[in-house]
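Colleague: Structure below; questions to follow.
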Amino acid sequence: MAILSSLRRRSAAVSVAAIAGATAVGVCLAVSSASAGTLSGSLYRDPSSAVVRWVAANPGDSRAAVIRDKIASQPQARWFANFNPSTVQSEVSGFIGSANAAQQIPVLAVYEITNRDCGGASAGGAPDLNQYQTWVSNFARGLGSQTVIIILETDSLALLTCLSGAEINARNQAISTATRTIKAGNPNAKVYLDGGHSTWNSAGETANRLRAAGVQYADGFFTNVSNYNSTSNEANFGRAVISALNGMGISGKRQVIDTSRNGGASGDWCGDDNTDRRIGQYPTTNTGDGNIDAYLWVKPPGEADGCRYTAGSFQPDLAFSLANGAPNPPTTTPPTTPPTTPPTTPPTTPPTTPPTTPPAGDGCYASVAVNQWAGGFTASVTVTAGKSDINGWTVTVALPSGAVTSTWSAQASGTSGTVGFTNVSYNGRVLGRQSTSFGFQGTGTGPSTTATCATS
């Protein structure tokens, strides 16, 4: 599926004075000393994204290592931008199921509103708003029950220049209904509405548009998907929007910021033609700011904006330009692994993902999924309990060559040949016929898809 660009050429629409004025709407800024917003845990990395596929298919390309280590290794949003009401539920369900099995938080960007992008480079969407609601209802049925992040309709509120007053009202109602539909489908869904960015509409105007579109039913708003403004500027803008919403009687809303391409210059909206930008802060829910739930890579780095290249197409020269010279990922994240780091806060209850075929007897068994590339691999291992609960496990795998270089959600014994992996504190107890998972990365040839599992 092509991920469509939603970037718009908007800059300098707001001055510092305008932001400061907007913050004075009734209440003071809600500055918090909390370590993060309302989210915690590890974000899910899509193992079938365009950049991951490109890296796997081009191991000899001189740009591949940089793109692999600094972009393909990171969690990014999966965009749902095709009008496919008959298949969207199964597509969402499959994506969510993989994220749930990894005990990580997926990010889904919904981009299907009628007349999206005002007919620009990413024109399209549902034929009309009635069909849009049908699509959203089917989308919501695939969301499961665990935490998911929904980026709902980029540019839908910041970009209204092509709509009449009646069409704006209809769009607002459609987004409000979509938010409530998604929340009804999965009460643990975290839904964020379009807040544009800090150099587009003023904070006060942004708050007015969010209120009209039903932000009271959502968890907050997202910014910077459509530009490259600095994280600090976006955070200041977000605090101003939150303050304005508070003044309207709408409290408890938080921001997420797209940091996928804001590590360099801002200004010209089109990333296809700009070579002085870099990837920004790596994705995380540990923001250190109680107003900000996450820094996300919503717009996947390396996917075009529709200037030199087709909107949404992956272009390795764009990816390399963004990644080359950028800082390395945090050392807690394996540099080339498809799965992301384990949750900062271990889950308090055993995983509940059922295996495809539960074992008939007691004990446990393990299955291995391997992603191999030239010179290395990552492996994701699913541990399944038999008919009775287990309270500890050890999985043994054989490596034909090479060595294990990093492990997550398990403790490794040895690095080459026959390697044992033992549970950590939060995933040793597995209920009967249920599963947990861990992963590891290494050099050389990965293990086979079978492994030995023993209970403690």
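The values are calculated or read from the model by the stated rules, or taken from the named source; none is laboratory data. Quick caveat: nothing in here was measured; it's all calculated off a predicted structure. Please note: Cβ atoms are built from the backbone with ideal geometry, for glycine as well, and neighbour counts cover all protein chains shown.
Colleague: Please enumerate the residues belonging to the stretch 216-243 that are within 17 Å of A294 (Cβ to Cβ) and aliphatic (A, V, I, L, M).
Modeller: Answer for the stretch 216-243, where residues must be within 17 Å of A294 (Cβ to Cβ) and aliphatic (A, V, I, L, M): A218, V225, A235, V241, I242.
Colleague: Applying the selection to the stretch 311-322, what residues are over 18 Å from T231 (Cβ atoms) and crowded, with 16+ Cβ neighbours inside 10 Å? Give the steps one after another, and end with the answer.
Modeller: Residues of the stretch 311-322 over 18 Å from T231 (Cβ atoms): 311-321.
A311, G312, S313, F314, Q315, P316, L318, A319, F320, S321 - these are the residues of the stretch 311-322 that are over 18 Å from T231 (Cβ atoms) and crowded, with 16+ Cβ neighbours inside 10 Å.
Colleague: OK, next. Among the listed residues A218, A235, A207, A203, identify the single one that is in contact with a Ser or Thr (Cβ under 6 Å, 6 or more places away or on another chain), more than 14 Å from V298 (Cβ to Cβ) and assigned by TED's automatic domain parsing to the domain that holds T38.
Modeller: Details: A235 fails: in contact with a Ser or Thr (Cβ under 6 Å, 6 or more places away or on another chain); A207 fails: in contact with a Ser or Thr (Cβ under 6 Å, 6 or more places away or on another chain); A203 fails: in contact with a Ser or Thr (Cβ under 6 Å, 6 or more places away or on another chain).
Among A218, A235, A207, A203, only A218 is in contact with a Ser or Thr (Cβ under 6 Å, 6 or more places away or on another chain), more than 14 Å from V298 (Cβ to Cβ) and assigned by TED's automatic domain parsing to the domain that holds T38.
Colleague: Here's something else I'd like to know. Taking Y228, is it buried (at least 24 other Cβ atoms within 10 Å of the Cβ), at pLDDT below 95, hydroxyl-bearing (S, T, Y) and in the same structural domain as P85 (by TED's automatic domain parsing)?
Modeller: Working: buried (at least 24 other Cβ atoms within 10 Å of the Cβ): yes; at pLDDT below 95: yes; hydroxyl-bearing (S, T, Y): yes; in the same structural domain as P85 (by TED's automatic domain parsing): yes.
Spelling it out, Y228 is indeed buried (at least 24 other Cβ atoms within 10 Å of the Cβ), at pLDDT below 95, hydroxyl-bearing (S, T, Y) and in the same structural domain as P85 (by TED's automatic domain parsing).
Colleague: Right, another one. Just give me the residues in the stretch 237-260 being surrounded by fewer than 22 Cβ atoms within 10 Å (Cβ to Cβ) and in a loop (DSSP other than H, G, I, E, B), in sequence order.
Modeller: M248, G249, I250, S251, G252
Colleague: Considering only residues that are within 19 Å of the chain's Cα centre (by Cα) and within 19 Å of T223 (Cα to Cα), which ones fall in the stretch 157-205?
Modeller: Selection gives T179, A189, K190, V191, Y192, L193, D194, G195, G196, H197.
Colleague: I've got another one for you. Just to be sure before I move on: is D219 in contact with a strand residue (DSSP E or B) (Cβ under 8 Å, 6 or more places away or on another chain) and either acidic (D, E) or modelled with pLDDT of 95 or more (or both) in the structure I sent? Working first, answer last.
Modeller: Values: in contact with a strand residue (DSSP E or B) (Cβ under 8 Å, 6 or more places away or on another chain): yes; either acidic (D, E) or modelled with pLDDT of 95 or more (or both): yes.
The answer is yes for D219.
Colleague: Right, next: Quick one: is G439 closer than 22 Å to Q104 by Cα and crowded, with 22+ Cβ neighbours inside 10 Å?
Modeller: Values: closer than 22 Å to Q104 by Cα: yes; crowded, with 22+ Cβ neighbours inside 10 Å: yes.
The answer is yes for G439.
Colleague: Six or more apart or on different chains, Cβ atoms under 6 Å: show the pairs whose first residue is in the stretch 98-109 and of a type in the set (V, I, T) and whose second is part of a strand (DSSP E or B).
Modeller: Listed by first residue and then by second, the contacts come to I105/L43; V107/I149; V107/L296.
Colleague: I would also like to ask the following. Identify the single condition in (1) at pLDDT below 95; (2) closer than 16 Å to E303 by Cα that G21 does not satisfy, given that it satisfies every other one.
Modeller: (2)
Colleague: Within the stretch 118-132, track down each residue that is of a type in the set (S, T, N, Q), at pLDDT 95 or above and either surrounded by 15 or more Cβ atoms within 10 Å (Cβ to Cβ) or in a loop (DSSP other than H, G, I, E, B) (or both). Can you show your working first?
Modeller: Of all residues in the stretch 118-132, those of a type in the set (S, T, N, Q) come to 122, 130-131.
If we keep only those that are at pLDDT 95 or above as well, we get 130-131.
The one that is of a type in the set (S, T, N, Q), at pLDDT 95 or above and either surrounded by 15 or more Cβ atoms within 10 Å (Cβ to Cβ) or in a loop (DSSP other than H, G, I, E, B) (or both): Q131.
Colleague: Within the stretch 148-173, how many residues turn out to be surrounded by 19 or more Cβ atoms within 10 Å (Cβ to Cβ) and more than 18 Å from G196 (Cβ to Cβ)?
Modeller: Of all residues in the stretch 148-173, those surrounded by 19 or more Cβ atoms within 10 Å (Cβ to Cβ) come to 148-159, 171-172.
With more than 18 Å from G196 (Cβ to Cβ) added as a condition, the list becomes 148-149.
Of the residues in that region, 2 qualify.
Colleague: Mind listing whichever residues of the stretch 183-236 are assigned to a helix (DSSP H, G or I) and touching a helix residue (DSSP H, G or I) at 6+ places or on another chain (Cβ under 6 Å)?
Modeller: First, pick out the residues of the stretch 183-236 that are assigned to a helix (DSSP H, G or I): 183-185, 203-212, 215-217, 231-236.
Passing the criteria: G185, A203, G204, T206, A207, A212, Y217.
Colleague: Counting only residues that are within 28 Å of the chain's Cα centre (by Cα) and at pLDDT 85 or above, which one in the stretch 392-427 is nearest to Q372 (Cα to Cα)? Spell out the reasoning first.
Modeller: Start the filter on the stretch 392-427 by keeping residues that are within 28 Å of the chain's Cα centre (by Cα), which leaves 404-411, 423-427.
From what's left, at pLDDT 85 or above: 404, 411, 423.
Working: V404: 13, Q411: 22, N423: 24 Å.
If we take residues in the stretch 392-427 being within 28 Å of the chain's Cα centre (by Cα) and at pLDDT 85 or above, then V404 is nearest to Q372 (Cα to Cα).
Colleague: Please go through the stretch 245-278 and give me each residue that is modelled with pLDDT of 95 or more and aliphatic (A, V, I, L, M), ordered by number.
Modeller: Scanning the stretch 245-278 gives L245, M248, I250, V256, I257.
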